[in-house]
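The values are calculated or read from the model by the stated rules, or taken from the named source; none is laboratory data. Everything quoted here is computed from the prediction, not taken from an experiment. Quick reminder, even Gly has a Cβ in these numbers, built from the backbone with ideal geometry, and neighbours come from all protein chains shown.
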Amino acid sequence: MEEIADSSEGFAVAFEAAFARFQVCVEAACAECPDWVSGIAAAIRAGLEFAATDTVAADTLTNRALGMGGDGIARHRRLLAYLAEALVAGREERPHGAELPQLTEQALAGGLTSLVAERLARGRASELPALAPEAVQFALTPYLGREEARRIATLANRPGRGRDR
């Protein structure tokens, strides 16, 4: 069974299953959020919790994907594109959002996934949920500015909290 999971075909199946579970987790967390800001905070919380509790899936989406050659890298890029797409709406939160560098969302998605990959590689996945406030502030700063992103980040460990609550 281990040989199948390590094969290219086995990896593809494992990646797709992990990606689907991750998407369901993130989208369920966002479903009840009243606005983009609280949705991103909820998505980050949910993603970090997912990585901490399903380390095999999270490792498949990050470290294993990058180690599987062209197919794994393409799948990892799909994960980054999914995350970046969720962030694009943040440009509307900023008066001059269109002026942000085109790579902003891709860089933020890469930073968040690198944070997860690093903790997984070091056997420290249990630390990920506690990093939610910093991760939220990191993701929101380009759109809201430092002070507002920090304010929202302080709410990041309180599920169900929106921007104005």
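Specify which of the listed residues (E16, E32, E3) is of a type in the set (D, E, K, R), under 21 Å from G67 (Cβ atoms), surrounded by fewer than 19 Cβ atoms within 10 Å (Cβ to Cβ) and modelled with pLDDT under 95.
Going through E16, E32, E3 in turn, the sole match is E3.
Scan region 99-126 residue by residue and report those that are among the acidic types (D, E) and free of Cβ contacts under 8 Å to residues at least 12 places away in the same chain.
Of everything in region 99-126, those that are among the acidic types (D, E) and free of Cβ contacts under 8 Å to residues at least 12 places away in the same chain turn out to be E99, E118.
Residues of region 17-70 being charged (D, E, K, R), assigned to a helix (DSSP H, G or I) and touching a residue at least 40 places away in the same chain (Cβ under 8 Å), which ones?
R45, E49, D59, R64
State which residue is surrounded by the most Cβ atoms within 10 Å (Cβ to Cβ) when the search covers only region 75-111 and only residues that are among the aliphatic types (A, V, I, L, M) and in a loop (DSSP other than H, G, I, E, B).
L100
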